[in-house]
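Everything below concerns the one structure shown next.
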Amino acid sequence: MGRINEAFSSAKAENRAAFIAYLTAGFPNETTFANHALDILEVADILEIGLPYSDPLGDGPTIQKSSEQVLAQGMTTAKTFELIAELRKKTDKALLVMTYYNPIYCHKDGEAGFLKRLKEAGADGVILPDLPPDQADTLIPLARELKVDTVFLVAPTSTDARLKLVTEACRGFIYAVSVTGVTGARTALPQDVPDLVRRTKAFSTLPVAVGFGVSGFDTAKPIAEVADGVVVGSALIKTIAEGEDLKALSSEIARACQR
Amino acid sequence: MLFPQPNAKGRFGIYGGRYVPETLIPALDELSEAYQTIGRSPDFLAEYHHYLKTYVGRPSLLYYAENLTRYCGGAKIYLKREDLNHTGAHKINNAIGQALLAKRMGKKRFIAETGAGQHGVASATAAALFGLHCTVYMGEEDVRRQALNVYRMKLLGATVSPVTSGTRTLKDATNEAIRDWVTHVRDTFYIIGSVIGPHPYPMMTRDFQSVIGFETMEQLELAEGRKVPDVVVACVGGGSNAIGIFAPFAYLPDAERPKLIGVEAAGHGLQSGAHSASISAGKRGVLHGSLMYLMSDDDGQISPAHSVSAGLDYPGVGPEHSYFADAGLANYVSVADEGALIGFKKLSEIEGIIPALESSHAIYHTLELAPTMAKDQVIVVNLSGRGDKDVTEAMRVMNLMEADNGKN
């Protein structure tokens, strides 16, 4: 069983939702990033590491700005993998890479080379918000071969036909987007989240994690009641950017994940 | 289907596709369905052509540029006068088409991206005409360069939303428009201005713009007794005006196809890195929903584009152009900022027509090409827009260049 599956199994055994955290690679700088990652993994089950992209059209201002900043500081694909490899020496928790398709498509050794390096660095899966599974004909077989989990997204607008197609292509877990929109902390989430989780689960036995918009206990709690995992990104990045208490926020989310 | 490409999955050869967040996929399915049923229906097309005729002012003239022909001393040069359309460029052909479709689909709100502001103005115009609100995303740098168009959009009742992320140009305006669309997908129609974006946009925009090429065929037959010229020249940024005039010719059998030449913006020169020549100097990649030729670094980070013309200042080129380039159905060359400014001045002086800086790239290439051709040969240049919007920027850049030359 892969690390991602294990993370969800243990969370379930402990009657709680898994806490999936997102951090932009090398934000605000490489050393602080590594420390933050390890701090968060004290309470989180899975870490998504954002490989920064120049044109993150699925992201709101918080993650856009963090991506722009680390790219300006010289962050690259190779350096992101180095940061992951360093983390892997210190944690056995599941790590995923979240990025857009062009950095993979343009990798000097192609999609296969990208996934191979991702795996060698110690990451367990990949999340690509601009690559629906029907555009991933070449990536999916390569990922299966290398045992890299492919996490695709379902959305409130997804039809049953899309839910079927997307969930079948997922490995590890299914990422359900809570709102029609981009990433970013919100004070309240739509009423139809439980409905999307239920509809998704009708097509798959994989765990369903809900993300986009989770900002703290109040937004995390209702998701933890209905989903197998809660994803938090922008709120963490914002906390880091503003020099606020990251450990306090992570503990708050972890607490919200308890059922 | 008007043309043999794309296939059912929205691929022109390998290019195109739908690389967008899952949230948008059902909206794209809905749009594809609406376009195939409503958008190709005789009733819709009759209404579309009614507006083209009575509102846009089509057919646009195919003008025999006798002075320019004499000046070059070679092939006969015709100008397809898209600059004479209402709002001053070819963009209105597509904006009217998409807006009509949106209206029939029951959408309540328009959004659009714009570079030079021509598509923004065209979308704002269509919104005013059909009584809907339009929000136009425009990079902060372009807001500065194209102040006149910003005011025009506001006058037309649109909201202009300046974009401050990334390079603050068309690429970033497009990102922001897509973000708006993901957020308001249920009631908003995104009017994409070029032959870019996820399927069915490159096909739909191409179809609406292909009126340029079909008219050219008819008009050239009257003028020259033949439908097909020897050469067709058009500037290429994202590529909508070029596709509009190329498409009806590109899929003709090999023996009948004219030479199609797309002119990209070489900016400060292809070696400088500061250009917008995605085919001439780029590579394959994915941007704004499509696989296409684009400019990116080794890590797949999109490179900033540069052109003196805001409308060509885009780091990618539509999937159908990418396909034409690979298949040899069209040729792509590039002209630098300086050449474009020469084209801008020459056409103004010789023909009394001030072209858009975008179209000036095609004019400059024609100035070089026509003298090498025989007098019985025919070139058609797509004059995609008029230059009124560019006068201030052209003056500024020409003054800078003169100052530089003075120093050397």
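The values are calculated or read from the model by the stated rules, or taken from the named source; none is laboratory data. All values derive from a computational prediction rather than experimental measurement. Here the Cβ positions follow ideal geometry from the backbone for every residue, glycine too, while neighbour counts run over all protein chains shown. Remember, those area values only see protein heavy atoms, side chains included, never the ligands or the DNA or RNA. Shrake-Rupley method; radii C 1.70, N 1.55, O 1.52, S 1.80 Å.
Give me the number: length gained by fully extending residue A:138 to residue A:168, i.e. 0.36 nm times residue separation minus the C-alpha to C-alpha distance, one decimal in nm.
Length difference between fully extended and current span is 9.2 nm.
How far apart, in nm, are two points set 7 Å out from the Cα along the Cα-to-Cβ line at residue B:405 and at residue B:7?
Going from the residue B:405 label point to the residue B:7 one covers 5.2 nm.
Name the residues whose placed amide hydrogens come within less than 5 Å of the amide hydrogen of residue B:331, ignoring near sequence neighbours (fewer than 5 apart) on the same chain.
Amide H neighbours of residue B:331, under 5 Å, 5+ apart: B:260, B:261, B:262.
In peptide A:58-64, what is the residue-averaged number of other protein chain Cβ atoms found within 10 Å of each Cβ?
Other-chain Cβ atoms within 10 Å of each residue's Cβ, averaged: 3.
Give, ordered by residue number, each residue of the range A:80-112 whose 1.4 Å probe accessible area is reduced by a minimum of 50 Å² on adding the remaining protein chains to the chain alone.
A:102, A:105, A:106
Please list, ordered by chain and number, the residues whose modelled amide H lies under 5 Å from the amide H of residue B:353; skip anything fewer than 5 residues away on the same chain.
So residue B:353 has HN proximity to B:348.
Roughly to the nearest percent, how much of the accessible area of chain B is carbon and sulfur, given a 1.4 Å probe?
For chain B, the apolar C and S fraction of the accessible surface comes to 53 percent.
What residue among A:13, A:136, A:241 has the largest mean-square fluctuation in a Gaussian network model of chain A, using Cα springs under 10 Å?
A:13
Name the residues of the range B:289-307, by number, that are at least 40 Å² less accessible with every protein chain in place than in the isolated chain; the surface is that of heavy atoms, probe 1.4 Å, without ligands or nucleic acids.
B:299, B:300, B:301
In Å², and per residue, what accessible area does chain A have when probed at 1.4 Å with the other protein chains present?
Computed with neighbouring chains in place, this is 37 Å² per residue.
Based on the Cβ-Cβ distance of residue B:187 and residue B:222, what FRET efficiency does E = 1/(1 + (r/R0)^6) give at R0 = 41 Å, to the nearest 0.05?
Result of the calculation: an efficiency of 0.35.
Roughly speaking, to the nearest percent, how much of chain A's 1.4 Å accessible area is carbon and sulfur?
The computed percentage sits at 51.
Applying 1/(1 + (r/R0)^6) with R0 = 60 Å to the Cβ-Cβ distance of residue B:272 and residue A:6, what FRET efficiency is obtained, to the nearest 0.05?
After rounding, the FRET efficiency stands at 0.70.
Please list, by residue number, everything in the range B:160-200 whose backbone N is under 18 Å from a paramagnetic label point 7 Å out along Cα→Cβ of residue B:55.
Under cut-off, by backbone N: B:189-193.
Can you tell me the accessible area per residue over the range B:40-144, all protein chains present, probe 1.4 angstrom, in square angstrom?
33 Å²
Could you list log10 I(q)/I(0) for the range B:199-299 at q = 0.16, 0.17, 0.24, 0.25 Å⁻¹, which the Debye formula gives when each Cα is one point scatterer?
-0.79, -0.86, -1.25, -1.30
Probe radius 1.4 Å, ligands and nucleic acids left out: can you give me the accessible area buried at the A-B interface, summed over both chains, in Å² to the nearest hundred?
2900 Å²
Would you jot down the residues in the range A:170-184 that end up with at least 50 Å² less accessible area in the complete protein assembly than in the chain alone, with a 1.4 Å probe?
A:180
Give me the 1.4 Å probe accessible area per residue for the range B:254-408, excluding ligands and nucleic acids, in Å².
Accessible surface, normalised per residue, equals 37 Å².
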